[in-house]
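Visitor: So that we are looking at the same thing, I have put the structure below in structure tokens.
Just so it is clear, none of the values below were taken in a lab; they were calculated from the coordinates. Every value quoted in this text rests on a predicted model; they were computed, and no experiment measured them.
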Amino acid sequence: MARRRRQQEESNRERWLVSYADFITLLFAFFVVMYSISSVNEGKYKVLSESMLGIFNSPQRSLEPIQVGEQDRLPVPVVETLDQSASRGGDVAVGSSLERMSEQFGRRLADLITDGSVTILQTADWIELSLSDRLLFPSGDAVPNDEAFPLVDEIAAILSPYPNAVMVEGFTDNVPISTPLYPSNWELSTARAAAVVRLLVMNGISPDRLVAVGYGEHRPVASNDTAEGRQRNRRVVLRIAKDENVRFGQ
């Protein structure tokens, strides 16, 4: 009897090991979860959170673009735009809203224009702000990277005071893509345009002003035979109409 009692006492003294092991396991799981949260991509987190808020807090919208005719596109020299801006002083400019926006884009995006990542074209009816895909998205993806958010913030700040309609167009090169999310370049280009629209809405631009269109590889601005040409073709273009009376999808 004495031996059995001693064995039971020794067994009872070791029961704390079970609780200790459970505690260590839970602590390890806790740190794994904390690490995964700290490493989440900021762009994916913002898009996910805003998408969830949109699902629960706003009605579903649907915009169906119509075919837009080709316009004669005349480049506006960036140097001239900046000089005009300096002579007129600050954000105050004489002329249409397109001219004022063009001047502000030229000033605020001057570094990106200089290195060729952004180009500005203007006609009597449009501003075309062309953004290289490397400023916005990882290769083969339509989830904005972290660098896209401050850039689109800057663009939205310029667009915000004006009512002008905006068509966001997505373009790719001719390298085929086939993934579960993007079976072809059509889907990729359209998803990228829609992602930029989402970011603009997140920054206060009214959805009524916006439409997203994808052209895939079918409207190149350079030859796809070279890496440089393919890079130029991978772009997102914001076509800003001359006034609020232009409405896409009607």
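Visitor: Please give the length that would be gained between residue 23 and residue 226 if that part of the chain were fully extended, namely 0.36 nm times their separation in residues minus their C-alpha to C-alpha distance (nm, one decimal).
Guide: Working: separation 203, 0.36 × 203 = 73.08 nm, distance 5.87 nm.
Full extension of this stretch gives 67.2 nm more.
Visitor: Also, I was wondering about something else. Mind checking the full-extension length gain between residue 96 and residue 174? Use 0.36 nm per residue of separation minus the Cα-Cα distance, one decimal, nm.
Guide: On the way: separation 78, 0.36 × 78 = 28.08 nm, distance 3.73 nm.
Full extension of this stretch gives 24.3 nm more.
Visitor: Principal axis extents for the stretch 74-241, Cα atoms only, whole Å, descending order, please.
Guide: So the extents along the principal axes, rounded to whole Å, are 50, 34, 28.
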